[in-house]
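A short write-up of the structure that comes next.
Nothing in this text is a laboratory measurement; each read-out follows from the coordinates by a stated rule. Source: prediction; values computed, not measured. Counting neighbours? That spans all protein chains shown, and the Cβs are built from the backbone with ideal geometry, glycine included.
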Amino acid sequence: MNEVVYTANIRIERVKGPLRRAYLPATVDPVEFGVHGAIAAHYGVDVQTEVATTLDYVIAATGG
């Protein structure tokens with residue numbers, strides 16, 4: 001089983017501070033990642049708008 005069956009073509013750009021925008025296959029609009037709540041507090045980030053973290057998406061994907 002040495003054959004690669006799928007390669008995810010994903011582009012991630014840094015917008016500002018912890019805010020990132022990810023361009024994923026099969027999605028029209030980019031997905032935004034950032035920080036919120038306790039995670040923002042842990043890293044000492046003052047956020048204007050709270051955005052889901054990459055950790056949130058990993059946990060959701062695991063549950064899905």
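General remarks:
- Per-residue Karplus couplings for segment 33-49, computed as 6.51 cos²θ - 1.76 cosθ + 1.60 with θ equal to phi - 60°, are listed in order as 10, x, 9, 7, x, 4, 5, 4, 5, 4, 8, x, 9, 8, 9, 6, 10 Hz, Gly and Pro entered as x.
- Listed peptides 2-12, 19-29 by packing density, highest first (mean Cβ within 10 Å): 19-29, 2-12
- Full extension of the chain between residue 23 and residue 4 gives 4.7 nm of extra length, using 0.36 nm per residue less the Cα-Cα distance.
- Extension gain for the segment residue 36 to residue 54, taken as residue separation times 0.36 nm less the Cα-Cα distance, is 5.4 nm to one decimal.
- Inter-site label distance for residue 43 and residue 14 at 7 Å from Cα along Cβ, in nm: 1.1 nm
- Residue by residue, segment 6-11 carries 3J(HN,Hα) couplings of 7, 10, 7, 9, 10, 10 Hz when phi is fed to the Karplus relation 6.51 cos²θ - 1.76 cosθ + 1.60 (θ = phi - 60°); x denotes Gly or Pro.
- By the count of neighbouring beta-carbon atoms within 10 Å, fewest first, 56, 46 end up ordered 46, 56.
- Residues whose amide H falls under 5 Å from that of residue 24, counting only those 5 or more places apart or on a different chain, are 31, with hydrogens built in the peptide plane.
- Counting every C-alpha pair in the chain, the share spaced more than 20 angstrom apart comes to 38%.
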